[in-house]
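Asker: Just dropping this structure here.
The values are calculated or read from the model by the stated rules, or taken from the named source; none is laboratory data. Everything numeric here is computed off the predicted structure, so don't read it as measured data. Don't worry about glycine lacking a Cβ; one is built from the backbone with ideal geometry, like all the others, and counts go over all protein chains shown. Note: areas computed on protein heavy atoms with side chains; ligands, DNA, RNA excluded. Shrake-Rupley method; radii C 1.70, N 1.55, O 1.52, S 1.80 Å.
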Amino acid sequence: MKPLIVANWKMNPSSLAEARKLFNEIRKTNAVICPPFVYISAFKYIQLGAQDCCWKEEGAYTGAISPQMLKGLGVKYVIIGHSERRIHFKETDGMINKKLKAALNSVLIPILCIGEKKDENPETVISRQLKEDLDGIAEKDLKKIIVAYEPVWAIGTGDFCEKDEAKKARNFIRKKIGNKVLYGGSVNSKIAKDYIDVGYDGLLVGGASLNAEEFIKIVKNAQT
Ligand code: PEP
């Protein structure tokens with residue numbers, strides 16, 4: 001099975017025209033593309049993802065977007081619990097747990113992001129996040145969740161996780177939950193394949209997914 005590559009555009013690019021250009025350049029990779037919410041309806045694409053969702057289907061939640069709404073726009077995947085949401089928007093594991101349940105309820109495939117900060121122990125954090133984030137999710141639904149191991153210190157820093165460390169974390173996650181595991185954190189085309197070689201099922205790519213040429217190389221290198 002080919003590795004799954006996910007492009008997380010974060011809050012980029014700043015205009016729809018640029019988003020369309022980037023989308024048209026990288027769609028041929030078949031990677032999952034997660035644009036900002038406001039651009040999603042401009043794209044018809046089988047591998048469309050969103051960067052977050054609310055835990056409610058509708059109601060008085062100003063500024064929020066529901067899984068149901070995303071489903072209606074043809075979205076297939078949703079990133080949940082990204083460290084930037086945990087840090088900047090104070091998302092708790094309790095909120096992430098509710099979001100996962102809501103996403104599964106709307107038949108979206110959740111990509112759950114977990115990972116430690118600089119001075120934290122990876123296994124302690126992974127164990128706690130998996131326990132709290134997945135609490136009460138039925139076995140049949142649990143299987144549908146994709147886990148992304150994203151050490152927080154590696155995100156957007158250029159300070160990627162060495163492959164032996166990444167392999168340890170991947171094996172630890174796999175022992176706890178047999179699901180697909182992606183690696184994310186400063187991935188570029190030179191190191192993309194290393195993570196696949198140590199057992200990851202794919203990659204979550206942030207910054208480098210905004211550069212079409214580099215992103216296409218990442219996908220190619222990871223998938224060969
Ligand atoms: C991310 O946004 O999930 C990510 C891994 O970002 P970057 O590739 O820029 O480190």
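Asker: Yes or no: E132 farther than 28 Å from E18 by Cα and open to solvent by 60 Å² or more (accessible area, probe 1.4 Å)?
Answerer: For E132, the condition - farther than 28 Å from E18 by Cα and open to solvent by 60 Å² or more (accessible area, probe 1.4 Å) - is met.
Asker: Report, by residue number, each residue of region 171-207 that is in a helix (DSSP H, G or I) and away from the ligand (no atom under 15 Å from the Cβ). Break it down stepwise before answering.
Answerer: Restricting attention to region 171-207, the residues satisfying the condition of being in a helix (DSSP H, G or I) are 171-176, 192-197, 207.
Correct list: N171, F172, I173, R174, K175, K176, K193, I196, D197.
Asker: Also, I was wondering about something else. Does region 148-163 contain any residue that is of a type in the set (F, W, Y), at pLDDT below 95 and part of a loop (DSSP other than H, G, I, E, B)?
Answerer: yes
Asker: If you check G156 against the conditions, is it within 16 Å of the ligand (Cβ to nearest atom), under 23 Å from Q51 (Cβ atoms), touching a residue at least 24 places away in the same chain (Cβ under 8 Å) and open to solvent by 40 Å² or more (accessible area, probe 1.4 Å)? If you could, list the steps in order and put the result at the bottom.
Answerer: Numbers: within 16 Å of the ligand (Cβ to nearest atom): yes; under 23 Å from Q51 (Cβ atoms): yes; touching a residue at least 24 places away in the same chain (Cβ under 8 Å): yes; open to solvent by 40 Å² or more (accessible area, probe 1.4 Å): yes.
When the stated conditions are applied, G156 passes them.
Asker: Still on this structure, please answer the following. When the residues of region 75-93 are filtered to those that are open to solvent by less than 40 Å² (accessible area, probe 1.4 Å) and part of a loop (DSSP other than H, G, I, E, B), which remaining residue is farthest from G185 (Cα to Cα)?
Answerer: V75
Asker: Checking A138 against (1) among the small types (G, A, S); (2) in contact (Cβ under 8 Å) with a residue 12 or more places away in the chain; (3) more than 15 Å from the ligand (Cβ to nearest atom), which single condition isn't satisfied?
Answerer: (2)
Asker: List every residue pair whose Cβ atoms lie under 9 Å apart, where the two residues are 6 or more positions apart in sequence or sit on different chains, the first residue falls within region 1-15 and is at pLDDT 95 or above, and the second residue, located anywhere, is open to solvent by 20 Å² or more (accessible area, probe 1.4 Å) and of a type in the set (K, R).
Answerer: L4/K180; P13/K21
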